[in-house]
1. Order the following by accessible area, largest value first: 247, 223. Probe radius 1.4 Å; ligands, DNA and RNA are ignored.
2. When only Cα pairs under 8 Å and 6 or more residues apart are kept, what is the percent relative contact order across the range 197-255?
3. Kindly provide the helix-only [θ] at 222 nm of the chain, computed as the sum of -39,500 (n - 2.57) over DSSP H runs of four or more divided by all residues, to the nearest 500 deg cm²/dmol?
4. If packing is taken as the average count of other Cβ atoms within 10 Å, what order do 339-350, 268-279 fall into, highest mean first?
5. Accessible area per residue of the range 36-278 at 1.4 Å probe, in Å²?
6. Which one of 189, 137, 120 is farthest out on the positive end of the charge dipole of the chain, using unit charges on Cβ (Lys, Arg +1; Asp, Glu -1) and the Cα centre as origin?
7. Using only Cα atoms, figure out Rg for the range 1-133 and give it as a multiple of 2.2 N^0.38 Å.
8. If I ignore ligands, DNA and RNA and count only protein heavy atoms, how much of residue 153 is accessible to a 1.4 Å probe, in Å² to the nearest 10?
Amino acid sequence: MKQPLRTESIISILKDFKPKDMSFLALHEPSFQGNEWVYVKECLDSGWVSSVGKYVDKFEQMLQEYTGMKRAVAVMNGTAALHVSLLLVGVEPEDEILIPTLTFIATANAVAYCGAIPHFVDCHEETLGLDPRKLELYLQEIAEVRPEGCFNKQTGKRIKAVVPMHTFGHPVDLDYLLEVCVKYRLELVEDAAESLGSFYKGKHTGHWGKVSALSFNGNKVVTTGGGGAILTNDEELGRLAKHLTTTAKKPHKWAFEHDQIGYNYRMPNINAALGCAQLEMLPEFIEQKRALAKKYKEAFSMLDGIKLLTEPTHSKSNYWLHALILDPEYAPLRDDILTETNEQGIMTRPAWALLHKLPMFCNSPKMDVSIAESIEQRMINIPSSPYLGANNV
Ligand SMILES: *Cc1c(COP(=O)(O)O)cnc(C)c1O
């Protein structure tokens, strides 16, 4: 017999995960147990802390090896990576870009930086990411493919691209989504900010988009303090990504000449040094996070009316943030759970406020987003630091 869901039962389960010597359990803490101190000290000792130095190249190479992608270009944050990714696939002012409404604000902001318009898409109940089937049905209704591209019959604007986001590290159904993109002549750009270390059908996320974006913010799977990367398998786009993010300066021994409006988005060497040490730890972090998923799943299986978000079929997820989903009849308990856990030193968080409701995007076009609206009421992120899954805890 399962126990009926009560706030106290959730608290008691989570408390069991709290190490005895700790008074506070964070949502996601970075861990610096590897070569972080050595590599960063080397930057300080040598003076190479800023835009020149060996660690940026090394970090990019390590990312290429790990993801299996041809080119990784390190930048100063994930939002900048998304911004430039959109420019690279040819997004222009007034284009509409299909993005999930359930995502971090960066996805929509990057669209807005291009002068383009976010067009909001619903999420799938199982992945919490963009639902390709629902998108396909919607496009059948509102889109028209012309020689110049895909157009929204309702607004008259060009729909240029789709940006799926792999929520909490769980990959969306990329094969299906790519099919839809080909059919409607849409560019695919993956917001892979949360999915470093997540694989779909054996390949790292990011391979399906023509260009994809990673983030290394302080709370991500690995951190560079702040940072991001653009991934692509297209050598020419990779070269252009580097050029655009380093002020579009023409290579020259001493002259300053720039051939277009570029961006000072490069990742400083000191951040890349931190990143190299963190990438060395990545396999271990992911093993621990996956072990934590197993432990959480078992612990929460005793409760009725709640489930732990688990990796979709064909996928291996990094389990960046663990998420509890309450059954609809228990949705009214959400705020009580959030209040009580946080009061007791267990950090939990609700879903992001849906983007289509925010003042700057509330007039943007959108499809029916009823699944996202339901999930918004019922989702809670729980402590997800790798060490919680380590054997000795
Ligand atoms: C973290 C994140 C980003 C990038 O954020 P930065 O803080 O700019 O690195 C983009 N999209 C999503 C979904 C994210 O979670």
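The values are calculated or read from the model by the stated rules, or taken from the named source; none is laboratory data. It should be emphasised that the depicted structure is a prediction, and the values quoted were computed from it without experimental measurement. Note: ideal-geometry Cβ built from the backbone for every residue, glycine included; neighbour counts use all protein chains shown. Quick note on the areas: whole protein, heavy atoms, side chains included, nothing else; ligands and nucleic acids left out. Shrake-Rupley method; radii C 1.70, N 1.55, O 1.52, S 1.80 Å.
1. 247, 223
2. After rounding, I find 23 percent.
3. The helix-only estimate for the chain comes to -11000 deg cm²/dmol at 222 nm.
4. My ranking of the peptides, most packed first, is 268-279, 339-350.
5. Value for the range 36-278: 39 Å² per residue.
6. The Cα lying farthest towards the positive end belongs to 189.
7. 1.53
8. 110 Å²
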